[in-house]
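Asker: First the structure, then my questions, so here it is.
The values are calculated or read from the model by the stated rules, or taken from the named source; none is laboratory data. This structure is a prediction, so every number in the text was calculated from the model and none was measured. In this analysis, Cβ positions are derived from the backbone assuming ideal geometry, glycine residues included, and neighbour counts consider all displayed protein chains. With ligands, DNA and RNA removed, areas are computed over all heavy atoms of the protein, side chains included. Shrake-Rupley method; radii C 1.70, N 1.55, O 1.52, S 1.80 Å.
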Amino acid sequence: MPVLGPERRLLASLSSAPPAAPRLGLAANQTNQTGPQCLEVSIPDGLFLSLGLVSLVENVLVVAAIAKNRNLHSPMYYFVCCLAVSDLLVSVSNMLETAVLLLLETGALAAQAAVVQQLDNVMDVLICGSMVSSLCFLGAIAVDRYVSIFYALRYHSIVTLPRAGRAIAAIWAGSVLSSTLFIAYYHHTAVLLGLVSFFVAMLALMAVLYVHMLARACQHGRHIARLHKTQHPTRQGCGLKGAATLTILLGVFLLCWAPFFLHLSLVVLCPQHPTCGCVFKNVNLFLALVICNSIVDPLIYAFRSQELRKTLQEVLQCSW
């Protein structure tokens, strides 16, 4: 991969357009008088580091709590733990890249171009691999919850620790392999289309499973209401609460991940179009949203567990 400027090199290298001028602020881009005016959102390096630090602390606490409490040593929480590790790697890799870029810009770090390029490739593999694994574990959690609801009596015979372990190992191995291939062949259209297709598949999987789970929950609520001769308020409460939960799950997923994969799609569809170039200039914003997803994931998938919150409180008390 080429050694690019102070912009995020992984994302900038995906664009066929020249990299955007760094940190231009929330203003119309005037670099091309004949092209469209572009709204470019500046993401300061300090904000990148702050978001990464918050995500790092949150996900380390999740991993520590699951490791400490033996009651949490189950396939469901192992998937949550692996999601936390993936999100942790997303944050750490972006923090390291930001720190290295700052050191190179200020001249505090002197390195040969070949060394910087190798470091760039390693960081890009780490970033891409952690993103792929994060998406995979989000899908795995959805599948695990689906099985626990629709096959409740057989859940412990279907989702066993050995099977969960093999699934986790396969996800990590596949993430490392796919990210390595992506960095090596990032200029091939098929690679970008494969990544976009992977995101669409994960989105479709999560949407279908969670919508089906919502329908089953509402059906169960109506059955309970009939047994107790309850009228419409219970049914409406089930629908509203379930719809709110579904909106949070899929809304956060779309908000944080869709802009990044929209960027990849536009790289394939219109790499030289001026309007698409305006999207390319906001790659730092898209990456910041991915880091925000690493902050929100523990709140959705981990901290809602009373057992995990109790263990987390014990961990924090021991640390003091």
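Asker: Return only the number of the condition from (1) in contact (Cβ under 8 Å) with a residue 12 or more places away in the chain; (2) under 17 Å from Pro298 (Cβ atoms) that Val57 does not satisfy.
Answerer: Looking at each condition in turn, Val57 falls short on (1).
Asker: Does any residue in the stretch 136-158 that is under 15 Å from Ile171 (Cα atoms) come within less than 6 Å, Cβ to Cβ, of a residue that is buried (at least 16 other Cβ atoms within 10 Å of the Cβ) and among the acidic types (Asp, Glu) six or more places away or on a different chain, and which pairs are these?
Answerer: The qualifying pairs do not exist here.
Asker: Looking at this structure, is Gly237 among the small types (Gly, Ala, Ser), at pLDDT below 75, open to solvent by less than 40 Å² (accessible area, probe 1.4 Å) and within 24 Å of Tyr151 (Cβ to Cβ)?
Answerer: It is false that Gly237 is among the small types (Gly, Ala, Ser), at pLDDT below 75, open to solvent by less than 40 Å² (accessible area, probe 1.4 Å) and within 24 Å of Tyr151 (Cβ to Cβ).
Asker: Within the stretch 282-320, how many residues turn out to be crowded, with 20+ Cβ neighbours inside 10 Å and not in a helix (DSSP H, G or I)?
Answerer: Going through the stretch 282-320 one residue at a time, the tally reaches 1.
Asker: Can I ask one more? Select from the stretch 243-279 the residues that are among the β-branched types (Val, Ile, Thr) and farther than 22 Å from Val143 by Cβ and list them in ascending order.
Answerer: Across the stretch 243-279, the qualifying residues are Val267, Val268, Thr275, Val279.
Asker: Looking at the stretch 241-280, which of the residues that are touching a Ser or Thr at 6+ places or on another chain (Cβ under 9 Å) and not in a helix (DSSP H, G or I) is farthest from Ser55 (Cα to Cα)?
Answerer: Applying the filter and picking the extreme gives Gln272.
Asker: Still on this model: Using the structure shown, decide if Val176 is open to solvent by 70 Å² or more (accessible area, probe 1.4 Å), modelled with pLDDT of 90 or more and of a type outside the set (Ser, Thr, Tyr).
Answerer: yes
Asker: Okay, next question. Picking from Val92, Val80, which residue would you name as being over 18 Å from Leu287 (Cα atoms), at pLDDT 85 or above and buried (at least 16 other Cβ atoms within 10 Å of the Cβ)?
Answerer: Val80
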